[in-house]
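The structure appears below as structure tokens.
The values are calculated or read from the model by the stated rules, or taken from the named source; none is laboratory data. Quick caveat, the model's predicted, so the values are computed rather than measured. Backbone-built Cβ (ideal geometry, glycine too); neighbour counts: all protein chains shown.
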Protein chains: 2
Amino acid sequence: MSKRDPCPVPEHSGSATGREAREAIRRGEWTSHTSGIAPNLVQGNVVILPESAAGDFLRYCQRNPKPCPLLAVSEPGAFTLDSLGRDIDIRRDVPQYRVWRRGELSAETTDIVDLWCDDWVTFVIGCSFSFEQALLDDGMSLRHVSENKNVAMYRTSIDTVPAGIFSGPMVVSMRPLRAADTIRAIQITSRFPNVHGAPVHIGDPALIGINDLAQPDYGDPVTVLADELPVFWACGVTPQAALLKARPDICITHAPGAMLITDLSNRRLASF
Amino acid sequence: MSKRDPCPVPEHSGSATGREAREAIRRGEWTSHTSGIAPNLVQGNVVILPESAAGDFLRYCQRNPKPCPLLAVSEPGAFTLDSLGRDIDIRRDVPQYRVWRRGELSAETTDIVDLWCDDWVTFVIGCSFSFEQALLDDGMSLRHVSENKNVAMYRTSIDTVPAGIFSGPMVVSMRPLRAADTIRAIQITSRFPNVHGAPVHIGDPALIGINDLAQPDYGDPVTVLADELPVFWACGVTPQAALLKARPDICITHAPGAMLITDLSNRRLASF
């Protein structure tokens with residue numbers, strides 16, 4: 001199924017509420033990426049860690065707000081996230097989870113009820129879907145959407161600020177835009193600091209350590225036209241890279257693109 | 001005297017009030033460019049036209065707000081501009097005037113008291129000094145300032161929207177900036193729509209009809225480093241180019257860089 005095709009979530013498209021979407025996911029009716037589901041609602045990257053690693057990770061996010069903008073942090077052991085949505089059960093409401101043990105992928109699963117521990121802390125990190133929706137609403141065309149691909153992502157030579165066991169390169173997503181759209185996209189995404197905010201780089205990829213745009217480290221390469229600039233945003237894959245490097249005993253994340261759907265409206269994230 | 005050197009205006013530097021600066025100018029003590037005089041205050045491009053051409057010019061500005069952001073328009077025959085400053089006398093408060101007859105430069109003068117006609121209308125148009133001050137205050141370095149030059153300006157292939165007798169190409173100013181400063185400069189200048197606002201182009205000059213950055217049409221060429229993007233803003237020279245093309249019987253402008261100093265604070269122009 002393509003990234004933005006209809007999916008069997010009830011009332012899919014703009015009319016699905018966050019709760020309806022989560023209930024369909026909880027029932028196992030949707031186990032894939034969530035792009036295009038309830039497109040007006042904020043979706044989040046999910047990281048779940050034992051309390052022993054959670055302090056370091058919280059400081060890591062605080063020091064690197066562009067790649068790791070925190071939308072919510074749970075109480076240890078709590079599987080609800082009241083500030084993000086009514087009756088969220090973070091053990092069951094993500095379509096697909098990845099279980100990592102000492103930095104190695106150990107399993108993929110559609111719930112983590114049996115794994116859940118009383119000291120686990122959930123982090124929900126803003127996702128570019130929110131600002132992409134604002135760009136699309138403004139009339140812009142996004143190449144990875146029109147080419148029906150995953151956005152292209154790259155490791156850069158920009159180091160994140162370390163915290164405890166967490167460190168590593170900033171990962172960026174790239175969207176090619178013409179100059180006028182680049183300027184407009186900077187204006188629009190500046191209004192959304194909680195979902196990566198303004199770009200971190202535009203133009204020459206080599207200046208941030210990217211040697212070949214045609215070979216992304218994650219996602220798919222997209223066409224960059226002669227009259228376009230590559231525009232780079234800090235990416236929510238950055239903390240995942242830091243997690244794999246830190247090799248905590250256990251860590252749960254969402255599977256790529258299969259995000260937590262919240263009750264928050266994207267528009268309400270705008271800072272002005 | 002260099003562009004940002006001290007000048008003999010009383011209380012020069014940030015401490016000069018607009019009225020003090022205008023009084024020194026009115027006494028003939030300062031007849032040159034005003035960059036760096038009362039740097040926290042808004043300065044304006046000045047265009048004075050007979051009422052017969054003023055309607056067309058007002059529509060031209062309204063249709064082209066990026067190059068021609070109107071700060072004030074006087075009543076016909078009035079030489080005060082109360083919304084911009086106390087006791088402004090537009091016949092005497094610009095350091096150097098240019099008198100144009102049918103599009104040809106006819107005279108330069110330090111006042112236009114003897115020329116003044118009862119049907120003349122004054123237009124004051126925002127100037128990039130205001131947003132440059134905001135960029136400098138943010139800690140940015142501007143190449144034309146560090147190289148002690150006039151900013152580089154270029155005619156482009158972007159057409160302005162015509163109105164009556166007025167038409168012509170958009171003129172842009174160019175400042176080379178590194179990518180991170182480009183992004184920040186777009187954020188900052190977006191807050192100042194009354195002084196040209198966000199850039200109109202970044203990157204490849206050929207896409208807007210500029211063949212050689214080293215050969216500006218106005219001002220001085222500046223160094224562009226390998227890790228910099230040329231960033232282009234709509235420029236207040238645009239209406240002057242349209243005026244020369246329209247060839248009204250008479251037209252008064254300020255001499256390049258010798259602007260009207262107002263009582264308005266640059267900060268108060270910020271839209272948020």
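Of all the residues in segment A:181-191, those that are at the interface with chain B (Cβ under 7 Å from one of its Cβ atoms) and of a type outside the set (Val, Ile, Thr) number 2.
Taken over segment A:166-191, residues that are farther than 23 Å from A:Leu244 by Cβ, among the aliphatic types (A, V, I, L, M) and buried (at least 21 other Cβ atoms within 10 Å of the Cβ) amount to 5. B:Ser128 fails exactly one of the following numbered conditions: (1) buried (at least 17 other Cβ atoms within 10 Å of the Cβ); (2) over 19 Å from B:Pro67 (Cα atoms). What is the number of that condition? Single failed check for B:Ser128: (2). Quick check on segment B:188-204. Is at least one of its residues closer than 24 Å to B:Gly36 by Cβ and among the basic types (Lys, Arg)? Within segment B:188-204, one or more residues are closer than 24 Å to B:Gly36 by Cβ and among the basic types (Lys, Arg). Would you confirm, using the coordinates I've provided, whether A:Leu84 is over 30 Å from A:Ala179 (Cα atoms), part of a loop (DSSP other than H, G, I, E, B), of a type in the set (A, V, I, L, M, F, W, C) and in contact (Cβ under 8 Å) with a residue 24 or more places away in the chain? The answer is yes for A:Leu84. Scanning segment A:95-115 for residues that are surrounded by fewer than 17 Cβ atoms within 10 Å (Cβ to Cβ), free of Cβ contacts under 8 Å to residues at least 60 places away in the same chain and not acidic (Asp, Glu) returns A:Leu105, A:Ser106, A:Ala107, A:Val113. Across segment B:192-207, the number of residues qualifying as surrounded by fewer than 20 Cβ atoms within 10 Å (Cβ to Cβ) and either within 10 Å of chain A (Cβ to nearest Cβ) or at pLDDT 95 or above (or both) comes to 4. The sole residue among A:Asp159, A:Asp212, A:Asp204, A:Asp217 that is at negative phi, touching a residue at least 40 places away in the same chain (Cβ under 8 Å) and among the charged types (D, E, K, R) is A:Asp217. Scanning segment B:229-265 for residues that are surrounded by fewer than 19 Cβ atoms within 10 Å (Cβ to Cβ) and either free of Cβ contacts under 8 Å to residues at least 60 places away in the same chain or among the hydroxyl-bearing types (Ser, Thr, Tyr) (or both) yields one hit, B:Ser265. Scanning segment B:95-116 for residues that are under 27 Å from B:Val42 (Cβ atoms) and not β-branched (Val, Ile, Thr) returns B:Pro95, B:Gln96, B:Tyr97, B:Arg98, B:Trp100, B:Leu105, B:Glu108, B:Asp111, B:Leu115, B:Trp116. In segment B:254-272, of all residues being hydroxyl-bearing (Ser, Thr, Tyr) and more than 14 Å from chain A (Cβ to nearest Cβ), the one that is nearest to B:Arg26 (Cα to Cα) corresponds to B:Thr262.
A search for C-beta distances below 9 Å between a residue of segment B:169-186 that is free of Cβ contacts under 8 Å to residues at least 12 places away in the same chain and on the phi < 0 side of the Ramachandran plot and any residue that is among the small types (Gly, Ala, Ser) and surrounded by fewer than 21 Cβ atoms within 10 Å (Cβ to Cβ), counting only pairs 6+ apart in sequence or on different chains, returns B:Ile183/A:Ser190. Among the candidates A:Pro176, A:Pro169, A:Pro162, the residue that is within 13 Å of chain B (Cβ to nearest Cβ) and of a type outside the set (Ser, Thr, Tyr) is uniquely A:Pro176. Among the residues of segment B:218-248 satisfying the criterion of being among the charged types (D, E, K, R) and either touching a helix residue (DSSP H, G or I) at 6+ places or on another chain (Cβ under 8 Å) or closer than 25 Å to B:Gln133 by Cβ (or both), which is nearest to the other protein chains (Cβ to nearest Cβ)? Once the filter is applied, the top-ranked residue is B:Asp227.
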